[in-house]
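Asks: First, the structure itself, so that you have it in front of you.
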Amino acid sequence: MYWEDDDQDRQKKSSESIVDVSFKVNCKKIAADHAYDLFLAVLKKFPHIEKINNLAIHSVYGAESGAGWERPETEIYLSKRTRFCIRTPIEHSQDFHNLNGETLEIGAYKMTLSKPTIKELVITDTLFCRTVVVDNNQNEEEFLKDVSLSLATMGINVKKMLCGKEHIVQTPSKTLVGKTLLITDLEKQDSIKLQELGIGIGKLFGCGIFLPHKSIAPVAVSKSNE
């Protein structure tokens with residue numbers, strides 16, 4: 001755990017450049033490690049996506065995925081409320097609406113997309129990422145230090161971080177090993193920047209993408225009183 005107390009005021013800032021394009025999905029189940037196959041499926045529809053700066057492809061999660069902290073070993077069963085999202089510069093958002101009604105072939109699984117909507121990034125002081133992949137990941141201390149240094153180069157002031165379980169993403173060329181990461185007590189402008197830019201490598205494989213999360217401050221206070 002990384003923890004630094006600070007009571008500085010926060011400034012409100014909203015994103016005007018990056019949004020999530022969100023789709024309803026028709027798919028009963030998908031492989032737990034589907035990130036690279038999902039990338040290939042989107043790449044097949046949009047061969048230029050690797051040239052778009054700050055593009056990220058969210059992995060797909062079911063109810064049993066434990067909000068990203070835990071995952072089943074082989075398959076994820078999806079509900080009617082499951083969404084698939086692509087985080088993209090707003091100028092490309094309408095392009096991805098062309099996926100409406102398309103079926104993505106994700107390895108041995110098929111997922112049909114419908115009813116695309118634009119979701120603006122939410123201003124919040126607490127964000128989490130299901131898989132952060134950084135160079136130094138031998139243990140929790142090295143991981144958090146490397147994350148802190150990476151955020152500092154982005155001009156983001158980190159105060160409180162907590163990493164969780166290890167996750168693995170397989171690609172043909174390498175195995176990406178990452179950890180779940182929660183960051184709280186963020187300045188609002190830093191929250192937006194972190195969601196826009198992400199962190200680490202593998203954003204096209206579902207890594208380094210931050211989402212709003214409930215604050216862990218009450219948990220920390222409770223533990224400190226034990």
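Residue-wise test of (1) of a type in the set (S, T, N, Q); (2) within 10 Å of the chain's Cα centre (by Cα); (3) in a helix (DSSP H, G or I).
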| position | (1), (2), (3) |
| --- | --- |
| Pro172 | no, no, no |
| Leu176 | no, no, no |
| Thr180 | yes, yes, no |
| Ile183 | no, no, no |
| Gln189 | yes, no, yes |
| Leu194 | no, no, yes |
| Ile201 | no, no, no |
| Gly208 | no, yes, no |
| Leu211 | no, yes, no |
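Asks: Now, a different point. Could you list, ordered by first residue, the pairs with Cβ atoms under 8 Å in which the first is in segment 92-111 and of a type in the set (D, E, K, R) and the second is assigned to a loop (DSSP other than H, G, I, E, B), at least 6 apart or interchain?
Replies: Asp95/Phe46; Lys110/Cys27
Asks: Taking into account only those residues within segment 136-169 that are polar (S, T, N, Q), surrounded by fewer than 19 Cβ atoms within 10 Å (Cβ to Cβ) and modelled with pLDDT under 90, which is farthest from Gly202 (Cα to Cα)?
Replies: Asn157
Asks: Something else now. Filter segment 64-89 down to residues that are of a type in the set (Val, Ile, Thr) and modelled with pLDDT of 95 or more, then give me how many there are.
Replies: The total comes to 2.
Asks: Now for a different question. Can you find, within segment 86-127, the residue that is nearest to Lys29 (Cα to Cα) among those that are among the charged types (D, E, K, R) and surrounded by 17 or more Cβ atoms within 10 Å (Cβ to Cβ)?
Replies: Among those that are among the charged types (D, E, K, R) and surrounded by 17 or more Cβ atoms within 10 Å (Cβ to Cβ), it is Arg87.
Asks: Report, by residue number, each residue of segment 4-56 that is at pLDDT 95 or above, among the charged types (D, E, K, R) and assigned to a helix (DSSP H, G or I).
Replies: Asp37, Lys44, Lys45
Asks: May I ask you to list the residues in segment 156-170 that are of a type outside the set (Val, Ile, Thr), assigned to a strand (DSSP E or B) and in contact with a helix residue (DSSP H, G or I) (Cβ under 7 Å, 6 or more places away or on another chain)?
Replies: Within segment 156-170, Met161, Cys163, Gln170 qualify.
Asks: Let me ask you something else. Given (1) touching a strand residue (DSSP E or B) at 6+ places or on another chain (Cβ under 8 Å); (2) not assigned by TED's automatic domain parsing to the domain that holds Ile30, identify the lone condition not met by Glu141.
Replies: Answer for Glu141: the failing condition is (1).
The values are calculated or read from the model by the stated rules, or taken from the named source; none is laboratory data. Just so it is clear, the model here is predicted, and its values are computed rather than measured. Heads up, the Cβs are rebuilt from the backbone with ideal geometry, glycines too, and the neighbour counts pull from every protein chain shown.
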